[in-house]
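The values are calculated or read from the model by the stated rules, or taken from the named source; none is laboratory data. Fair warning: this is a prediction, and the values are worked out from it, not measured in the lab. Methodologically, a virtual Cβ is constructed for each residue, glycine included, from the backbone with ideal geometry; neighbour enumeration extends over all protein chains shown. For the accessible areas, the whole protein counts, side chains as well, though only heavy atoms, and no ligand, DNA or RNA atoms are used. Shrake-Rupley method; radii C 1.70, N 1.55, O 1.52, S 1.80 Å.
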Amino acid sequence: MKKILAFGLASLLIFTSCKPAKNDTETKIDALLSRMTLEEKIGQMNQSSSYGSIEDMRMMIKKGEVGSILNEIDPDRINALQHVAVEESRLGIPLLIARDVIHGFKTIFPIPLGQAATFDPFVVEKSARIAAIEASSVGIRWTFAPMIDIARDPRWGRIAEGCGEDPYLTSVMGAAMVKGFQGDSMNLPTSIAACAKHFVGYGAVEGGRDYNSTFIPEHLLRNVYLPPFEAAVKAGVATFMTSFNDNNGVPSTGNSFILKEVLRKEWHFDGFVVSDWNSVGEMVNHGFAADYKDAARIAANAGVDMEMVSATYMKYLPELVKEGKVKEAVINDAVRNILRIKYRLGLFDHPYVDVNRKSIMYTQEHLECAKRISEESVILLKDDKHVLPLKSSVHTIAIVGPMADAPYEQMGTWAFDGDSAHTVTPLEAIREVYGNQVKVLYEPGLAYSRDKNLQGIVKAVTVASQADVILAFVGEEAILSGEAHCLADLNLQGAQSQLIAALAKTGKPVVTIVMAGRPLTIGKEVDESAAVLYSFHPGTMGGPAIADLLFGKAVPSGKTPVTFPKMVGQIPIYYAHHRIGRPATRNETLIDRIPLYAGQTSLGCTSFYMDAGFDPLFPFGYGLSYTTFKFSNIKLSATQLKKGDMLTVTFDLKNTGSYGGTEVAQLYVQDKVGSVTRPVKELKRFKRVNLLPGEKKTVVFELPVSELAFYNMNEEKMVEPGDFGLWVADDSQNGKELPFKVKF
Ligand code: NOJ
């Protein structure tokens, strides 16, 4: 008996000492949770949009019926709300104040698609840091960013909000944004919690129509759509947001596979998950929930910790718990996740914002960073005749087009809080900085991008005819991209195409500068222009950035983060498409050359469009410079590799032109044979390299063999031994293939 007792005691001791010790935060969470009523717990799971006066919201907060408030940006009101939560509610749990700070709060940086075009995670992180500093100064401690949905369809307006089509580029940029928003520690008063959204697959909505269905098989989900989210978890992202779409029939807000199996079990995420706006309630519209009560049950059980706006949790979770349809353990877990982030943000210790703090909006440092990232984001698509940078022989320039002086439009989508009075347009910047160097004529021709009135074009042509070079600023107003702003036609809106055609007819060189929220089908305008710069809405400092690029004080270095289609009908079109049985040869006969009565199989049976061919207008990773670069001496550390090895790729990059410039070196890999078909190329590494004229640098990429792994049909992530191809190049279509093998 004594023996048994001793054994029992020993094992108890062993058991207790093996149990991981709870850290301070977890102990505090447990203590707080044990004092909460079911209603107070459910209150933490409720997010409300700010409304009315403080008095209007007082009762809800006082009763502990809300854990987070979104869309409040007035620091006095935020403090007033927080005072109610901390001092008047029973448990004094602070509110988490949220806002969509997507690409800047006051200082607006380029839209995320433009940020991705920089291929520069350093400057992307810095801009997110600045956004956090500005937003936190009014009391915002949570942003709904980064948006890391892979988007391969520019009809989808939300392509503007993400980092484009590539999982690796999006992973790197998303992680940089998370680090920028959250800072070195979330506890800092200048840090804001980030939110990886939209989980998951939203970018693949059918036909590019927002809120639509997706059909993504699991191995594609894991190889393409999930990696940026996993990277965000690794970067320490605090929260996740579910997406509006249903994938394979299951709305994300009710998808326990992605929320529990993948996010919690596989990735060990310990932050919290919020639904998107009303997306719990919308499961009724999906026909996935019978009514709002059913929707609340499904979402809570699937792992949605906080409900944004639809308030079905508040209304139905108490009875669902009583009925045993949602276990109290589910509620406890959700509340734990939410409180954990509130503790990490230091909200319990410092709930209020210092309203006497000196304003840190639009500071010199912030504007300089905004200019730098705008500059790096602009892509030179064409400059055949070297019209750019503008030469000293140019004495008169004509500035034309609806985007030349459109301060609000150049901020792009989701610039809620940016003040267009602070935006500097290209017209303003050129006049101010280069006005003493060149004579500047200005005639917009069209009032706004959708303007169809042709009369102004006549005037613009008359003015433009007097200039040495015409700068035509066209594109999209901010409202034409972003959430719910999808398009079936991606040609320039309004009469902008006619404007470019008329300007080209003057015989003067036309430099077209496009400012838009997505890649547009501008093949015709590219042909008519001597040079083309593409700027995804560049934000507050877009004007000075573009001015310096035009006049050669800065040199373009942006690269396309998405493939530009020639025609809408080519969509979806992306560089990392899978290998197929009958690939295009690029020798196909196109429609105008098909002879009359050609035989059924005379064109060759390959995968191409008779009218658009096979190639895009511009491939992924493409972008020119005023200088030229040469890649040489590309060497692999080994051509036979084993599991666990590191492949080191070394090459020389030389600036062979006469301007200092930056090249984005890109490393692509192709897995030759797989147990499932593999992409023709996949981006694995990239690096911005600055080079003076004539300068040569040796550049090194390191790629662990483990990063050649992919998910097979059994959803196992593996490196499959065999042959691989490797390219080091300036875009996804160039370069010479180098072979290597992986053997186990
Ligand atoms: C809906 C959007 O889909 C999401 O991205 C955004 O963060 C929320 N509304 C909150 O505004």
- Query: Going through the range 226-237 one residue at a time, which ones are within 16 Å of the ligand (Cβ to nearest atom) and more than 22 Å from Gln47 (Cβ to Cβ)?
  - Reply: Pro228
- Message: Take Ala638 and tell me if it is assigned by TED's automatic domain parsing to the domain that holds Val728, small (Gly, Ala, Ser) and crowded, with 20+ Cβ neighbours inside 10 Å.
- Response: no
- Going by the structure shown, is Asp592 within 28 Å of Arg155 (Cβ to Cβ) and part of a loop (DSSP other than H, G, I, E, B)? no
- Message: Given the criterion touching a strand residue (DSSP E or B) at 6+ places or on another chain (Cβ under 8 Å) and hydrophobic (A, V, I, L, M, F, W, C), identify the matching residue among Ile130, Ile73.
- Response: Ile73
- Task: Mind counting the residues in the range 144-188 that are of a type in the set (Val, Ile, Thr) and away from the ligand (no atom under 14 Å from the Cβ)?
- Result: 4
- Message: Give me the residue from the range 238-259 that is more than 14 Å from the ligand (Cβ to nearest atom) and aliphatic (A, V, I, L, M) and, out of that set, farthest from Ala334 (Cα to Cα).
- Response: Val250
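If we only count strands (runs of 3 or more DSSP E) wholly inside the range 605-711, which ones have 3 or more residues that are within 30 Å of Met567 (Cβ to Cβ)?
Working: elements: 629-636, 646-655, 661-671, 682-691, 696-704.
By residue number, 661-671, 682-691.
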- Considering only residues of the range 111-134 that are under 13 Å from the mean Cα position of the chain (by Cα), of a type in the set (Val, Ile, Thr) and more than 16 Å from the ligand (Cβ to nearest atom), which is farthest from Asn690 (Cα to Cα)? Val124
- Determine which member of the set Tyr609, Tyr574 is open to solvent by 40 Å² or more (accessible area, probe 1.4 Å) and within 24 Å of Thr413 (Cβ to Cβ). Tyr574
- Note on the structure: Reported set for the range 632-682 where residues are of a type in the set (D, E, K, R) and more than 20 Å from Asn712 (Cα to Cα) is Lys635, Asp645, Asp652, Lys654, Glu663
- Task: For residues that are surrounded by 24 or more Cβ atoms within 10 Å (Cβ to Cβ) and not small (Gly, Ala, Ser), tally how many sit in the range 180-204.
- Result: 9
